[in-house]
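Novice: Just dropping this structure here.
The values are calculated or read from the model by the stated rules, or taken from the named source; none is laboratory data. All values reported here derive from a predicted model rather than from experimental measurement. Here the Cβ positions follow ideal geometry from the backbone for every residue, glycine too, while neighbour counts run over all protein chains shown. Quick note on the areas: whole protein, heavy atoms, side chains included, nothing else; ligands and nucleic acids left out. Shrake-Rupley method; radii C 1.70, N 1.55, O 1.52, S 1.80 Å.
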Amino acid sequence: MPTTFILNGRPVTVQADPNSPLLWAIRDELNLKGTKFGCGKAACGACTLHVDGKAVRSCSYAVKFAEGKSITTIEGLSQEGKIHPVQQAWMEEIVPQCGYCQPGFMMATAAMLAEIPDPTDEDIDRNIVNVCRCATYYRMRKAIHRAAEISNTPS
Amino acid sequence: MSVNKEEKQGFSRRKFLLRATIGTGVMLGIAYGSTPLIRRKIAGVANSAEAPYQGPTDDPKLWFEVTAGNQIIMHCPKVEMGQGTFTGLAQIAAEELEIGMEQIKVVHASSASGNIDQFATGGSTSIASLWVPLRQLAATMREMLLRAAASQLNQPVAGLQALNGVVSGNGKSLTYGAIVAAMTEWTVPETPALKDPATYQHIGQPYPRVDLQDKVMGAPIFGMDATLPGMVYGAVVRPHTIGATFAGADISEAEGMPGVIKVVLEEDFVGVVANSYVEAENAKRKIKARWTTEKVWQTADIEAMIRVGQGKDVTIQKEGNTAAVLEQVSASVITAEYFSPIGAHAQIEPNGTLAYVEEDQVTLMLSTQVVKITRQEVAERLGLKEEQVIIQPTFLGGGFGRRLHTPNAMQAAVMSRAVGKPVKSFFTRKEEFQNDTFRPPTHNVLKGKLSPEGRIEALEHHISSGDVMYGSPLLPRILQTVIGSDIGAWRGGMIQYHGIPNYRAVSWRVQLPFATSWWRSLGLLANTFAIESFMDELAEQAGKDPVSFRLEHLTDSPADVRLAKVIQKAAEQAGYQNTASNGRAMGFAASTDATTPCAQVAEVSLQDGKLKVHKVTCVLDPGLVINPDQVRAQCEGAIIMGISSILYEKMEVEDNELHPIIYGAYQMALLKDAPKEIEVILLENDATPGAVGEPPLGPIGAAIANAVYRLTGKRHRRFPLEG
Ligand code: FES
Ligand code: FES
């Protein structure tokens with residue numbers, strides 16, 4: 001049974017088994033590879049994307065739940081040629097090392113900032129619980145505060 | 001996108017290569033790593049390829065391509081796994097090529113087009129090993145371009161200058177791209193003199209890493225992201241117990257599962273190929289594989305094996321006569337033992353390969369630290385020549401030593417051959433945790449004796465460890481005898497305080513029933529934890545400050561002087577205090593790894609009974625720094641990875657299974673655990689670049705344990721501290 005949803009602003013239909021993880025429909029059927037597989041068990045956050053603006057671990061989210069919803073992946077985070085504050089902050093702080101976990105972290109951060117525009121360190125500790133083996137956490141914290149600053153500065 | 005054939009016609013690459021092959025002057029021989037002399041060539045090609053790079057496949061030993069758009073594409077023999085090698089090497093090449101950083105693009109060299117590393121990427125050697133040869137290659141390339149421009153402009157070479165990818169002089173100029181496009185025959189000149197460091201423009205600059213944009217935008221650059229038209233998925237059944245040997249499988253149920261194309265049953269493994277990842281994994285669960293095991297192991301069995309005094313011992317360092325001092329009847333010898341657990345790599349991108357076996361050619365795309373060996377393994381298994389196996393390495397979603405053997409490439413290739421389609425196959429997370437090539441557990445025994453003045457008279461360090469280098473396909477058995485002991489296992493285990501009159505280090509080898517191997521910094525983490533904790537224990541016995549106690553035992557040899565400088569600087573920068581105050585305490589530790597000394601001060605507290613690392617001050621002297629920002633990033637990452645290991649990480653063996661099998665249960669540092677302050681200070685007391693990626697993992701364990709002791713009076717001699 002096909003499933004229809006909005007992906008990065010455009011309507012799409014996928015044929016994937018409605019009970020299969022959304023991650024694979026996005027990666028293989030829709031060919032967007034920025035959403036990563038790390039564990040398949042909702043334990044690392046590499047597959048984080050947005051469903052109606054909320055951070056979701058797509059390896060453990062069935063395709064059928066996406067029906068009619070709006071999905072955003074790392075490829076759709078920046079819009080109309082304007083870089084998203086989170087991605088801009090990530091560039092400024094030169095956060096990535098191997099880079100594999102980074103889309104998941106940026107998506108988790110963007111979703112947090114939508115709810116908590118000026119997060120404290122405790123907010124960050126509580127909300128950003130993905131795993132980065134290169135341990136780029138030190139720069140991530142700086143980048144998260146910087147992203148908040150960019151978002152909160154009227155342009 | 002590959003090379004545009006039409007536009008390329010003006011450039012007679014064939015002729016160049018012909019000349020290159022017959023003229024001795026055009027072959028540039030360089031050596032790096034621990035390989036014998038490897039011959040390299042430079043080729044200039046008139047056109048470029050766009051990312052994702054697939055590139056020309058008919059140019060042997062390609063280093064640099066000059067595009068019509070005046071970009072230089074460097075085909076890098078080292079893989080990028082986060083350590084910043086692409087960026088550092090680009091800066092080095094750009095320096096001698098006389099181009100701007102925006103004019104250089106780095107891609108992974110394909111085994112088809114050339115300069116694949118004959119050994120591996122790892123051991124913090126990438127920049128150091130290519131420092132001289134890469135500059136020579138780039139300078140030679142620049143000289144070729146200058147000479148070509150001279151003939152094209154009808155000007156003497158001496159009046160021309162190369163800058164920012166343009167050769168100019170006497171009011172005339174040509175871009176490198178234009179020079180290459182108009183060139184039909186090349187001669188390779190003698191390598192010109194390398195630049196005076198005083199004139200460096202790129203080396204030493206904190207440029208953003210060259211892969212930054214791709215990594216922030218989520219570009220499909222990893223092995224896991226590789227695709228080919230018609231690609232299907234393979235899933236291999238992997239053992240979940242220690243020492244399991246494959247003994248066949250019942251595949252009948254799996255064959256009938258939805259989406260299954262074929263179940264591939266081989267002598268040594270079984271896998272299934274299906275249309276999608278989910279179908280392949282579902283079918284895999286229906287395969288009933290049979291395994292034979294000889295013994296059922298538990299953690300206690302493993303711990304009982306890793307004991308100083310068991311297995312074969314080799315003295316790896318000796319000065320004076322420790323026995324004469326330590327075995328005196330009256331001697332009050334101080335002894336302490338330290339332990340470390342089995343560690344997992346836990347890199348986030350699982351191991352995997354996309355393989356496509358066609359009639360007489362195999363294409364493989366994967367994250368690997370060993371292109372050469374992977375290629376050999378695949379060729380051997382399929383009965384092909386190595387040249388028929390093309391490996392296009394991709395960006396690695398973490399290396400840390402986990403990809404120093406990637407036999408999964410061979411399995412993917414076998415499955416692809418069985419179905420005649422491109423097959424992508426990778427590990428599940430459980431399979432990663434249970435089939436890792438683990439960091440071996442260790443047992444360290446230290447014995448020391450102090451003189452009445454509180455100086456160390458004798459110090460002995462005994463290290464018991466599972467194998468690191470031994471057993472790896474990177475180290476042929478024959479070499480074991482040459483090397484004499486497992487360098488990887490005792491890395492960081494030598495005594496660095498050469499002012500001690502009698503010291504000795506001994507490595508005890510234990511072969512464990514599961515695979516143990518390289519893990520970022522090898523034995524450095526555990527061995528430094530032991531030595532540097534013990535140095536604090538001795539300092540206390542001597543009634544001395546830990547920092548001055550360390551300095552007292554250093555000589556005026558160059559290595560000791562470099563170590564002394566990082567020690568002094570770290571103590572000064574951190575404002576090191578020997579006593580706790582306001583609920584916080586500092587711990588000090590230092591080590592030298594692969595000629596790079598590093599000293600760290602960790603500041604800790606207990607919050608609700610949990611250990612918290614607030615600040616780490618790190619002073620590193622890697623010699624000449626190519627990119628200070630990337631060196632800092634490596635220090636920050638190594639420190640937090642070290643904190644993760646020291647506080648939390650451990651694997652256990654229960655009824656023959658390695659556990660845990662998932663993140664979280666295998667506890668690792670998260671954002672909340674990272675110190676809010678990490679101060680990195682770089683000293684450059686050497687004119688050549690040294691190791692960076694691993695040395696800062698040395699001191700962190702002991703720095704934390706020493707801080708905890710000052711805070712609580714409890715001496716931790718086993719990590720993980722919170723485990
Ligand atoms: S892959 Fe989804 S949380 Fe790890
Ligand atoms: S950057 Fe490598 S895992 Fe996070």
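Novice: Does the range A:19-33 hold any residues that are open to solvent by less than 10 Å² (accessible area, probe 1.4 Å) and within 13 Å of ligand 1 (Cβ to nearest atom), and which are they?
Specialist: A:L22, A:L23, A:I26, A:R27
Novice: Sticking with this structure for a sec: Would you mention how many residues in the range A:18-39 are more than 18 Å from B:A219 (Cα to Cα) and away from ligand 2 (no atom under 16 Å from the Cβ)?
Specialist: Total satisfying the criteria: 5.
Novice: Also: Answer yes or no: is there a residue in the range B:349-359 that is under 22 Å from B:V273 (Cα atoms) and loosely packed, with under 15 Cβ neighbours inside 10 Å.
Specialist: Within the range B:349-359 (the criterion being under 22 Å from B:V273 (Cα atoms) and loosely packed, with under 15 Cβ neighbours inside 10 Å), the answer is yes, since at least one residue qualifies.
Novice: Moving to a separate point now. Could you please find all residues in the range A:114-150 being part of a helix (DSSP H, G or I) and open to solvent by 60 Å² or more (accessible area, probe 1.4 Å)?
Specialist: If the condition is that a residue be part of a helix (DSSP H, G or I) and open to solvent by 60 Å² or more (accessible area, probe 1.4 Å), then A:A114, A:E115, A:E122, A:R126, A:N127, A:K142, A:H145, A:R146, A:E149 are the ones that fit.
Novice: Something else now. Across the range A:51-67, what is the total count of residues that are in contact (Cβ under 8 Å) with a residue 60 or more places away in the chain and open to solvent by less than 90 Å² (accessible area, probe 1.4 Å)?
Specialist: Counting residues in the range A:51-67 that are in contact (Cβ under 8 Å) with a residue 60 or more places away in the chain and open to solvent by less than 90 Å² (accessible area, probe 1.4 Å) gives 3.
Novice: While we're looking at this one, here's another question. Filter the range B:180-212 for residues that are surrounded by 15 or more Cβ atoms within 10 Å (Cβ to Cβ), within 31 Å of the chain's Cα centre (by Cα) and among the small types (G, A, S) and give the result.
Specialist: B:G204
Novice: Pick from A:T153, A:T73: which is away from ligand 1 (no atom under 16 Å from the Cβ) and either away from chain B (no Cβ under 12 Å) or in contact (Cβ under 8 Å) with a residue 40 or more places away in the chain (or both)?
Specialist: On the way: A:T73 fails: away from ligand 1 (no atom under 16 Å from the Cβ).
Step by step, each of A:T153, A:T73 is checked, and only A:T153 is away from ligand 1 (no atom under 16 Å from the Cβ) and either away from chain B (no Cβ under 12 Å) or in contact (Cβ under 8 Å) with a residue 40 or more places away in the chain (or both).
Novice: Residues that are more than 7 Å from every other protein chain (Cβ to nearest Cβ) and either within 16 Å of ligand 2 (Cβ to nearest atom) or at pLDDT below 95 (or both): does the range A:60-67 have at least one?
Specialist: No: the range A:60-67 contains no residue that is more than 7 Å from every other protein chain (Cβ to nearest Cβ) and either within 16 Å of ligand 2 (Cβ to nearest atom) or at pLDDT below 95 (or both).
Novice: Restrict the check to the range A:68-90 and report whether at least one residue is within 16 Å of ligand 2 (Cβ to nearest atom) and open to solvent by 10 Å² or more (accessible area, probe 1.4 Å).
Specialist: no
Novice: Out of curiosity, is A:A16 modelled with pLDDT of 95 or more, open to solvent by 10 Å² or more (accessible area, probe 1.4 Å) and within 14 Å of ligand 1 (Cβ to nearest atom)?
Specialist: No, not satisfied.
Novice: Let me ask something additional. Is it fair to say B:S340 is in contact with a strand residue (DSSP E or B) (Cβ under 7 Å, 6 or more places away or on another chain) and within 14 Å of chain A (Cβ to nearest Cβ)? I'd like the intermediate steps shown before the answer.
Specialist: Numbers: in contact with a strand residue (DSSP E or B) (Cβ under 7 Å, 6 or more places away or on another chain): yes; within 14 Å of chain A (Cβ to nearest Cβ): no.
When the stated conditions are applied, B:S340 does not pass them.
Novice: With respect to the numbered conditions (1) in contact with a strand residue (DSSP E or B) (Cβ under 6 Å, 6 or more places away or on another chain); (2) modelled with pLDDT under 95, which one is the sole condition not fulfilled by B:Y576?
Specialist: With respect to (1) in contact with a strand residue (DSSP E or B) (Cβ under 6 Å, 6 or more places away or on another chain); (2) modelled with pLDDT under 95, B:Y576 is out only on (2).
Novice: Name the residue that is farthest from ligand 1 (Cβ to nearest atom), counting only residues in the range A:82-108 that are in contact (Cβ under 8 Å) with a residue 12 or more places away in the chain and among the small types (G, A, S).
Specialist: Taking the candidates together, the pick is A:A89.
Novice: Looking at (1) over 24 Å from B:V631 (Cβ atoms); (2) among the aliphatic types (A, V, I, L, M); (3) open to solvent by less than 30 Å² (accessible area, probe 1.4 Å), find the lone condition where B:A120 falls short.
Specialist: (1)
Novice: Does the range A:41-53 contain any residue that is more than 12 Å from every other protein chain (Cβ to nearest Cβ), more than 9 Å from the chain's Cα centre (by Cα) and within 15 Å of ligand 1 (Cβ to nearest atom)?
Specialist: Looking through the range A:41-53, at least one residue is more than 12 Å from every other protein chain (Cβ to nearest Cβ), more than 9 Å from the chain's Cα centre (by Cα) and within 15 Å of ligand 1 (Cβ to nearest atom).
Novice: Among the residues of the range B:245-255, is there at least one that is closer than 23 Å to B:D467 by Cβ, of a type outside the set (A, V, I, L, M, F, W, C) and either within 14 Å of chain A (Cβ to nearest Cβ) or in contact (Cβ under 8 Å) with a residue 24 or more places away in the chain (or both)?
Specialist: yes
Novice: With the condition kept exactly as written, say whether any residue in the range B:616-632 is within 11 Å of another protein chain (Cβ to nearest Cβ) and over 22 Å from the mean Cα position of the chain (by Cα).
Specialist: Taking every residue of the range B:616-632 in turn, at least one turns out to be within 11 Å of another protein chain (Cβ to nearest Cβ) and over 22 Å from the mean Cα position of the chain (by Cα).
Novice: Listed residues B:P699, B:P660; which is at pLDDT 95 or above and either more than 14 Å from chain A (Cβ to nearest Cβ) or under 24 Å from B:P622 (Cβ atoms) (or both)?
Specialist: B:P699
Novice: Something else: Tell me, which strands (runs of 3 or more DSSP E) wholly within the range B:608-723 include 1 or more residues that are closer than 30 Å to A:A108 by Cα?
Specialist: In the range B:608-723, the matching strands (runs of 3 or more DSSP E) lie at B:610-620, B:657-659, B:677-682.
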